[in-house]
Amino acid sequence: MDSEQIQEAADQVRTGQVIKLDRGFPLVRCLDDGLTLRCEHATDLVKEGKLRVVIGDLVEVLIPAEHDKGIIQDVLERRTQLVRKDPAERAVAQVMAANFDLVIVAQPISEVNLKRLERELVLAFETGAKVAVALTKADLVEDGSVVDEVRSQVEARAGATAPVLVMSAAQPETVEAVRALIPEGTVAVLVGKSGVGKSSMINLLVGREVQETGSVREGDGKGRHTTVSREIVPIPGGGFVVDMPGVRGVGVWEAEAGIGAAFADVEEAATRCRFRDCRHQSEPGCAVRAAVEEGLITQERLDSYLSLTTEVKTLRERKEEARRMQGTKASDERAGKRGGHKRVHRARKRR
Ligand code: GDP
Ligand code: ZN
């Protein structure tokens, strides 16, 4: 358990990392001495940019003398961040985690959803961190040739840079390949729908029950979602792992780079289209359509690519529209007021 100590000296400002988010105040660990304490957001911070810290954020915390809670005054620039479209809003981004080195996309090999996988890969690549795919619950697939087939379908989508690992909680040694991807000093974020086996993987990595696993309801075989908190968990002999419980919505957000990485084959072909702004529909000299006709790219994959790029474009237009509407309040902004920009936070370079 994390100790929550009370600071007794005079006021201090220290740098820390948000290591746990649950229903209570964010838990922050100071980088210098490892002191952990619950913190609240400074009123200013919340008011200005509607900013809430996310797991992994590096923050500047004021620890007042005679106060049991720290005050988060500033959030440092995020080295990497996992961003999706806020499922509840029309054109708002939601940051899920910050300052990690690797994103592991988890799906059960027994029921891989390739459409969802494509989206998860786009979000993962967009972060700029390394990407890996963990295919879980291999024990549920008895036929080895099915495992090979699914694995190669997934590898084709993950591309050359993202390793694809097959694992099973029934064979604990299969988690070692995951551990090898998270060396000391690095942080991995685990994404995937609830029930795919993320908690089970973390428990294997850590060697004990740190995450409650969902119980399976009889009949439908679906895991029930149980975890609500987000926590950076240390792996013995390795780095850290963060579970992202219940990431259901995988709406993409400003993901051109992520789409480029997740659909490298399509974008590579597109460099050979006659028109630079080719939409790969019925334009003459379209190299992407040619690749589809030659069987190098499936029609399905091209459809995914086109719908994802359209989605990103539509969002951008909505966002610009929202910004234009706020243009009427531009005088406020010129007067030095903040607000309006969804990704605003008082980012300052890490010292
Ligand atoms: P999470 O919601 O992604 O954290 O998924 P959990 O780890 O809670 O797992 C959901 C359900 O799947 C639980 O009932 C687990 O016991 C089960 N499960 C997880 N990993 C495996 C596995 O490798 N094989 C099998 N057969 N079941 C698994
Ligand atoms: Zn084209």
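Of Leu135, Leu140, all but one fail to be surrounded by fewer than 24 Cβ atoms within 10 Å (Cβ to Cβ) and within 14 Å of ligand 1 (Cβ to nearest atom); the exception is Leu140.
Name the single residue, out of those in the stretch 289-321 being assigned to a loop (DSSP other than H, G, I, E, B) and among the β-branched types (Val, Ile, Thr), that is least open to solvent (accessible area, probe 1.4 Å). Let's see the steps before the verdict.
So in the stretch 289-321, the residues assigned to a loop (DSSP other than H, G, I, E, B) come out as 294-298.
Right, trim to among the β-branched types (Val, Ile, Thr) and you get 297-298.
Numbers: Ile297: 9, Thr298: 71 Å².
It comes out as Ile297.
Of the candidates Arg248, Arg279, Arg274, the single residue that is open to solvent by 70 Å² or more (accessible area, probe 1.4 Å), within 16 Å of ligand 1 (Cβ to nearest atom) and in a loop (DSSP other than H, G, I, E, B) is Arg248. Test Gly214 against the stated conditions and say whether it is open to solvent by less than 60 Å² (accessible area, probe 1.4 Å), at pLDDT 95 or above and either within 23 Å of Arg119 (Cα to Cα) or among the small types (Gly, Ala, Ser) (or both). No. Figure legend. Inter-residue proximity from the stretch 265-284: first residues closer than 23 Å to Val122 by Cβ, second residues more than 8 Å from ligand 2 (Cβ to nearest atom) and of a type in the set (Asp, Glu), beta-carbon distance below 7 Å, spacing 6+ or different chains. No pairs are indicated. Counting only residues that are part of a loop (DSSP other than H, G, I, E, B), without any contact (Cβ under 8 Å) to a residue 60 or more places away in the chain and open to solvent by 60 Å² or more (accessible area, probe 1.4 Å), the stretch 7-36 holds 7 of them.
Could you grab the pairs with beta carbons closer than 6 Å, sequence gap of 6+ or different chains, first residue in the stretch 68-79 and on the phi < 0 side of the Ramachandran plot and assigned to a loop (DSSP other than H, G, I, E, B), second one open to solvent by 50 Å² or more (accessible area, probe 1.4 Å) and of a type in the set (A, V, I, L, M, F, W, C)? Taking only residues 6 or more apart or on different chains, the pairs are Asp68/Ile6; Glu77/Ala347.
The values are calculated or read from the model by the stated rules, or taken from the named source; none is laboratory data. Keep in mind that this is a model prediction, so the values were computed, not measured. For neighbour counting, all protein chains shown are included, and Cβ atoms are generated from backbone atoms with ideal geometry for every residue, glycine included. Only protein heavy atoms, including side chains, enter the accessible area calculation; ligands, DNA and RNA are left aside. Shrake-Rupley method; radii C 1.70, N 1.55, O 1.52, S 1.80 Å.
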